[in-house]
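Some notes on the structure that comes next.
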Amino acid sequence: MKRLGIISLFVLLFAAFIAVWNYSYQQGKEEAYISLEEETTLYAIPSESGVFKRSEHALDYATIPTDFAHQRSLDDYYDNRAYHGAPPSIPHPVDEHQNAGDNSCLKCHDNGGFVEKYNAYTPVTPHPELVNCMQCHVAQNTNTLFKPGNFAKVNAPEVGNNNALLTSPPVIPHQTQLRENCLACHAGPSAPREIRVTHPERVNCRQCHVPDTKELIEINAFTRKNNE
Ligand code: HEC
Ligand code: HEC
Ligand code: HEC
Ligand code: HEC
């Protein structure tokens, strides 16, 4: 009887120990656990999130050697645009099977790379999410259809003259709408050589570069005079 009493006492003590240990273990776990729901309330500023879009390639960009024979210059870059900021035209043939909405353009334009038959590096698109590419980009089919008019091109901002002091970070001379994804245009072998960044690995470009507010004038709501 005495032995049975001692054994059941030990069983009871053991069970109590397990219960207490388990309770304190669960308590400790809860303190160390940061719930995901709370984290999702920390939103990034949506219009700035594009700055980090190609950040996983930043270190690759830093180590890609310069292919001097196939560089683009800013003049080549502007030549393919009706005006500064206009969607560039498609300088290569477009296969009839490359339809709106499928991902065929992105096969090349998502990550770039050298294309033997065009003898050029593919410019990386800053906006792979706008899959209907041909909505805005059209092939160059003709040079004769359009008659010259009095349309004046908007001059592109100057490059190399945007810093207050010699080694201070230059301001961003262009607007950032459709240009949030800095590394798409400023890094890699297809970036025009004048604007290829020496420091792609810094990733958070907007930490040091601020927009030049001269270009970002607020356009007020348009009201027709006799419409009131
Ligand atoms: C086989 C790979 C490949 C495919 C597929 C492809 N492109 Fe390209 N694209 C290139 C290359 C390479 C260049 C650069 C050509 C040059 O500089 O002469 C280019 C240039 C462009 C440019 C000019 C960019 C600039 O900065 O001037 C546009 C716009 C473009 N492509 C749109 C498209 C669209 C839209 C599609 C789908 C209908 C498409 N591309 C499919 C390889 C490709
Ligand atoms: C809503 C219109 C629109 C759609 C859709 C669109 N683009 Fe663009 N794209 C633009 C504009 C505008 C620019 C010029 C941006 C600028 O200079 O600020 C541009 C620039 C580019 C550039 C040149 C980037 C550089 O180096 O300057 C490439 C390449 C490109 N687009 C490819 C594509 C591809 C591929 C698709 C489809 C996946 C696509 N675009 C869909 C409007 C569009
Ligand atoms: C669509 C391509 C494109 C994107 C995306 C883009 N830029 Fe640019 N950037 C240019 C071009 C082209 C120039 C040359 C001036 C011009 O045409 O606006 C330039 C000029 C600059 C300059 C001035 C360089 C100098 O030496 O004076 C800075 C700084 C700059 N960009 C920063 C940025 C930052 C930061 C981002 C991301 C928020 C960004 N850019 C996104 C194309 C782009
Ligand atoms: C820590 C601050 C800092 C960050 C982050 C930064 N830059 Fe810069 N950037 C500078 C400074 C400083 C200069 C001027 C360098 C000089 O004059 O030697 C510069 C120069 C430039 C230029 C002119 C060409 C050149 O390389 O000198 C461009 C374009 C540019 N930055 C784009 C970018 C882009 C795109 C990013 C994001 C990948 C970025 N910067 C991130 C500080 C920064």
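Computed from the coordinates by the stated procedures, all read-outs in this text should not be read as laboratory data. Note that this is a predicted model, so its numbers are computed, not measured. Note that each Cβ is placed from the backbone with ideal geometry, even for glycine, and that neighbours are counted across all protein chains shown.
In this structure, the amide hydrogen of ILE172, modeled 1.01 Å from its nitrogen in the peptide plane, lies closer than 5 angstrom to those of VAL210, ASP212, counting only residues at least 5 positions away or on a different chain. From the Cα gyration tensor of the stretch 85-200, with a ≥ b ≥ c the square roots of its eigenvalues, which class applies: rounded if a/c is under 1.5, or else prolate if a/b is larger than b/c, or else oblate? In terms of gyration-tensor shape, oblate. For ALA139, the shell of other residues with beta-carbons less than 12 Å away shows a net charge of -2, using +1 for Lys and Arg and -1 for Asp and Glu.
The order of PHE68, PHE114, going from fewest to most other C-beta atoms within 10 Å of their C-beta, is PHE68, PHE114. Pairs of alpha carbons in the stretch 136-176 separated by more than 11 Å make up 78% of all such pairs. Taken over the chain, the alpha-carbon convex hull comes to 329 cubic angstrom per residue.
Annotation: lysines with alpha-carbon distance below 25 angstrom to LYS117 (same-chain offsets under eight excluded): LYS107.
Residues LYS147, LYS29 in ascending order of nearby Cβ atoms (within 10 Å, fewest first): LYS147, LYS29. Relative to the longest principal axis of the Cα atoms of the chain, the long axis of helix 2-32 lies at roughly 20 degrees. Computed from label points 7 Å out along Cα-Cβ, the spacing between ASP110 and ALA16 is 6.3 nm.
Its DSSP H runs of at least 4 residues, each contributing -39,500 (n - 2.57), put the calculated 222 nm mean residue ellipticity of the chain at -7000 deg cm²/dmol, to the nearest 500.
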